[in-house]
1. Out of ASP11, ASP41, ASP37, ASP21, I need the residue that is acidic (Asp, Glu) and open to solvent by less than 70 Å² (accessible area, probe 1.4 Å). Which one?
2. Under 6 Å between Cβ atoms, which residue pairs at least 6 apart in sequence (or on different chains) link something in the stretch 260-274 that is more than 12 Å from CYS292 (Cα to Cα) with a partner that is polar (S, T, N, Q) and open to solvent by 30 Å² or more (accessible area, probe 1.4 Å)?
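The values are calculated or read from the model by the stated rules, or taken from the named source; none is laboratory data. Everything numeric in this text was worked out from a predicted model, so none of it was measured. As a convention, Cβ positions derive from the backbone with ideal geometry for all residues, glycine included, and neighbour counts pool all protein chains shown. Protein only, heavy atoms only, side chains kept; ligands, DNA and RNA dropped before computing areas. Shrake-Rupley method; radii C 1.70, N 1.55, O 1.52, S 1.80 Å.
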Amino acid sequence: MSLSRVAIIADDRLQQHLLNDTLVRLGFQVVFNLQPDRIGDLQLHMVETDVWLVDIYEDGDSLDWLEHLLDGHVPVLIGMERAPQKSCPTFLRWEKRLLCKLRELTHAPALGASADDILMDRAPAKDINNINSALPAIPLPDVLTRTDVQEPLQIWVLGASLGGPEAVKQFLDALPSGLPIAFVYAQHIDPRFEHALCSAVGRHGQYNVRNFENGLQLQIGDVLVAPIEDEFQVLASGVCQTLGKAWPGPYGPSIDQVLINLHAHYQHRFNCILFSGMGSDGSEAILGLSDCENIWVQTPENCASGSMPESAIGTGRVTFIGTPYQLALQLVQSVKQHWVETHDTSRNNHSGKEHPSRLPTGSTQR
């Protein structure tokens, strides 16, 4: 029987050793363990692994290697809190969380299995990164090239946890520039990775991925990364402002609370998509979004961890399910139709009013 393989990139030597020792003890095979400043010209795609484990504290001068991993065919686990010392009382809890997440990605046995039981035949990791390969670029509809709005026509909250950065990057990369919309990206992740996340997800430059600042206003083309530690709201003036307190719940940011706070201000302009993630964050808030028609999720089978979208589907409020590319295509159609209905009077007066087509490979639910 073969072991599930893990490749480590960590910027701290002590973390490299702790991660290596822990993974070997849990029954994984460590096939790669290097600091990011030593990657150089190494061909990372040649590393045969079932999952990449990335633990970095500093952003560094270049994140080209991280973009390469996110664009690859292997799941990437990023934002896992830094390993405490083995003598620390929280070490065992951290170790169990790590095993649980790796089990989701590599089909390792259930938490609490003995070391012998953890040895297993390697099952193929879920292929969540190649869904955009060979797919055509989504063009900007002609009608949207003539927009003259100064504020975002729609606001979309993107919520994600484990596996989210890969999925959200695929989604944003598939979108054409020029859509009159803005995003708020709520990602469960360690605060140390907050700025690196912004750089990695926004590498291709189609949209302005930016970290949160007090006093900013969402502009067309913005992707605002919700702050990890401080809850924020949007004031009546449209200014984003922190509340001087931590997010409720065990994770930051709370996706439920982000949905509630953004919906309170944007109301009929508000929409949301939940991507890959563990847990059920977002589902409780969805039940209260009575006037929101666009509540979408990533196809659970396409996720690194499908429990977050599955939980949302269980509310009965989800209206579209698709891969990141299908979600991007559906969003373009939705924005086009919204513009036609609210701004393009020449088309509104035409009897053959357009309607966004549903994807044959996606699905809807009411």
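1. The conditions single out ASP11.
2. Filtered contacts from the stretch 260-274: ASN261/GLN233.
Conditions (1) within 14 Å of VAL184 (Cα to Cα); (2) open to solvent by 10 Å² or more (accessible area, probe 1.4 Å); (3) among the polar types (S, T, N, Q), marked per residue:
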{"position": "ILE220", "(1), (2), (3)": "yes, yes, no"}
{"position": "ALA226", "(1), (2), (3)": "yes, no, no"}
{"position": "LEU243", "(1), (2), (3)": "no, yes, no"}
{"position": "PRO250", "(1), (2), (3)": "no, yes, no"}
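Let's see how each residue does on (1) open to solvent by less than 10 Å² (accessible area, probe 1.4 Å); (2) more than 19 Å from the chain's Cα centre (by Cα):
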position: ILE255; (1), (2): yes, no
position: HIS263; (1), (2): no, yes
position: ILE273; (1), (2): yes, no
position: ASP281; (1), (2): no, no
position: ALA285; (1), (2): yes, no
